[in-house]
Amino acid sequence: MSGVEILDGSLAAPPRTNGELLFEAPWQSRAFGVAADLVESDCFSWSEFRGSLIDAIQTWENLETQNQPPWDYYACWVAALEQLVFRKVLLKPAEVDLRSREYVDRPHGHDH
Amino acid sequence: MNKQDDHHHGVDPNSPEVRTEALEDLLVEKGLIDRGRVDALIERFEHDLGPMIGARLVAKSWLEPQFRKSLLENADRALEEENIKGAEIEHVEVKANEPGVHNVVVCTLCSCYPWALLGLPPSWYKSPEYRSRVVREPRKVLQEMGLSLDAETEIRVWDSSSETRFLVLPERPEGTEQLGLEELAQLVTRDSMIGVAKAKVS
């Protein structure tokens, strides 16, 4: 195992000409692209987003070990995006909560 | 992330994948973002941006002493003259490795990185381990990543603040005197410009 793999906590992603895979799952690239489009549309700046991201990472770092989920950079990214979207009143927390529950409850034959 | 689900049945509604889908759909419905633009932005970062832009700068600085000087003295002006623009390079400083001095870059608070020169950062750069440890014990971390520096070499760790992005200018490998710009650029890896590796003849 190389140092990079140890630091990463996982085996290296499939190699690419530009380096490693940028996103490990489609939702990560969507979360990135949504933030980038909001910046392009002047809803907020990368600098504001960075502040929110620092807060989200610190929140994770300050969790007690027993309550701390495994490190997931894009989970912090999404948390930062949500907080900024709420602060800028682009969406309300309640509507995101509701929509998330609807997506989880979407019938797929055997609903609970 | 091995599971490829096109639905979220049974998934935690607070999971980031569900929240992301909800955020994206709601923002699209309100006309605040555009799915086609989001696709295009992802495409651009995945395919058009990458370390080759930084690598060309490094290779050029190896070939042209005057360019190297201006890159080290005022990278912002040098980038402007090279017509390199883009995200996350509002203020860039270039730090040259030389005999006895090795530079390495980190962002201790999050993941600040010169996107327009190197693309998006690798996952290890964003990891809590790298962010905290490379400041405390850079020699050990570099060694774990495959770069052993002798004890006399001074290691300078540059913490990307909200204002400054850093690019390491690696040393030109020996035996490359015959190579031109494009061939030299091939030797300049992303990791060598973060400072966790050296440029070398492969």
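Here, each number is a calculation from the coordinates, and none is a lab measurement. Computed from a predicted structure; not experimentally measured. No Cβ is skipped: glycine too gets one built from the backbone with ideal geometry, and neighbour counts run over all protein chains shown.
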Going residue by residue through region A:38-50, the Karplus relation 6.51 cos²θ - 1.76 cosθ + 1.60 with θ = phi - 60° gives ³J(HN,Hα) values, rounded to whole Hz and with x marking Gly or Pro, of 5, 5, 4, 8, 6, 6, 7, 9, 4, 5, 5, 4, 4
Under the Karplus relation with 6.51, -1.76 and 1.60 and θ = phi - 60°, whole-Hz ³J(HN,Hα) for region A:89-102, x at Gly and Pro, equal 6, 7, 9, 9, x, 4, 6, 6, 4, 4, 5, 4, 5, 4
When chain B is treated as a Gaussian network with springs between alpha carbons less than 10 Å apart, the largest mean-square fluctuation among B:His102, B:His91, B:His47 is found at B:His47
The answer for the longest stretch of chain B without any exposed trypsin sites (Lys or Arg not before Pro) (DSSP loop, at most 15 further Cβ atoms within 10 Å) is B:86-199
Given backbone amide H placed at 1.01 Å from N, residues whose amide H is under 5 Å from that of B:Glu171, ignoring those fewer than 5 places away on the same chain, are B:Asn97, B:Ala199
For B:Lys69, the lysines lying under 19 Å Cα to Cα, once residues fewer than eight places off in the same chain are dropped, come out as B:Lys60, B:Lys95
So the compactness index of the protein assembly as shown, its C-alpha Rg divided by 2.2 N^0.38 Å, takes the value 1.07
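Dipole of the protein assembly as shown, Cα-centred, from +1 at each Lys and Arg C-beta and -1 at each Asp and Glu C-beta, to the nearest 20 debye? Kindly include the intermediate steps, with their values, before the conclusion.
Values: 34 positive and 55 negative charges, 89 e Å.
In total the dipole reaches around 420 debye.
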If amide H atoms are modeled at 1.01 Å from N in the peptide plane, then the residues at a separation of 5 or more from B:Arg156, or on another chain, having amide H under 5 Å from its own are B:His102, B:Asn103, B:Val104
In the neighbourhood of B:Leu181 defined by beta carbon distances under 9 Å, the net charge of the other residues (Lys, Arg +1; Asp, Glu -1) is 0
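When the Kirkwood radius is taken over all Cα pairs of region B:60-202, what Stokes-Einstein diffusion coefficient follows at 10 °C and 1.306 mPa s, in µm²/s? Show your work: numbers first, answer last.
On the way: Rh = 15.6 Å.
Taking Rh from Cα pairs, D becomes 102 µm²/s.
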Counting only Cβ distances under 4.7 Å between cysteines, those in the protein assembly as shown with no partner are A:Cys43, A:Cys76, B:Cys110
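Would you mind counting up the charge near B:Ala22? Only other residues with Cβ under 13 Å from its Cβ, with Lys and Arg at +1 and Asp and Glu at -1.
Values: positive: A:Arg30, A:Lys92, A:Arg99, A:Arg101, A:Arg106, B:Arg19, B:Lys30; negative: A:Glu82, A:Glu95, A:Asp97, A:Glu102, A:Asp105, B:Asp12, B:Glu17, B:Glu21, B:Glu24, B:Asp25, B:Glu29.
Combined, the nearby Lys, Arg, Asp and Glu give -4.
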Classified through the alpha carbon gyration tensor (a ≥ b ≥ c as square roots of its eigenvalues; rounded if a/c is under 1.5, else prolate when a/b is larger than b/c, else oblate), region A:26-104 comes out oblate
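With a sphere of radius 10 Å drawn around the Cβ of B:Ser61, what net charge do the other residues whose Cβ falls strictly inside it have (Lys, Arg +1; Asp, Glu -1)? Working shown, then result.
Numbers: positive: B:Arg56, B:Lys60, B:Arg68, B:Lys69, B:Arg172; negative: B:Glu64.
Summing Lys/Arg as +1 and Asp/Glu as -1 gives +4.
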One finds the C-alpha centres of region B:136-202 and region A:82-97 to be spaced, in Å, by 41 Å
Any residue on another chain or 5+ positions along whose placed amide H is under 5 Å from the amide H of B:Glu93 is listed here as B:Arg165, B:Phe166, B:Leu167
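When the helix-only estimate is applied to chain B (DSSP H runs of n ≥ 4, each -39,500 (n - 2.57), divided by the residue count), what is the mean residue ellipticity at 222 nm, nearest 500 deg cm²/dmol?
Details: 11 runs with 87 residues, N = 202.
Helices in chain B give a 222 nm mean residue ellipticity of -11500 deg cm²/dmol.
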Among beta bridges assigned by DSSP with both residues in chain B, the antiparallel ones amount in percent, to the nearest 5, to 10 percent
